[in-house]
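Read through the structure below, which is laid out as structure tokens, and then see the notes.
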Amino acid sequence: MKTIGSIVFLSVLLAFCTELGSASFPSKDHPGFCPDDIIQCVVAYPPDCTYDVECATNEKCCSSMCKMQCIPAIFD
């Protein structure tokens, strides 16, 4: 009986944390899309960015020229 109570408690806690997490933190994504990267890379270079918030407002962190970097977003 103790196990069922623990499972119910953990389920409720997980649901609460999931809702809290989605409501508490702003999105890391900027609007728009990354342009297609047609370069076939043999080596990947160290990234200049990881998330869009590291870029200017009109830019996104995208894979381009064999590394992640801030480039102007595409709006279609």
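Computed from the coordinates by the stated procedures, all read-outs in this text should not be read as laboratory data. Model, not experiment: these values are computed from the prediction. Here Cβ is always computed from backbone atoms with ideal geometry, including for glycine, and neighbour counts include all displayed protein chains.
Database remark: amide H of Ser64 closer than 5 angstrom to the amide H of Gln69 (H placed geometrically; neighbours at sequence offset of 5 or more, or on other chains; Pro and chain starts carry no H).
Peptides 59-69, 31-41, 45-55 ranked from most to least packed give 59-69, 45-55, 31-41, packing being the mean of other C-beta atoms within 10 angstrom over each peptide's residues. Taking amide H atoms as placed 1.01 Å from N in the peptide plane, the amide H of Ala73 lies under 5 Å from those of Glu59, Lys60, each 5 or more residues away in sequence or on another chain.
The simple spin-label model puts a point 7 Å past each Cα toward its Cβ; for Thr57 and Cys41 those points are separated by 2.9 nm.
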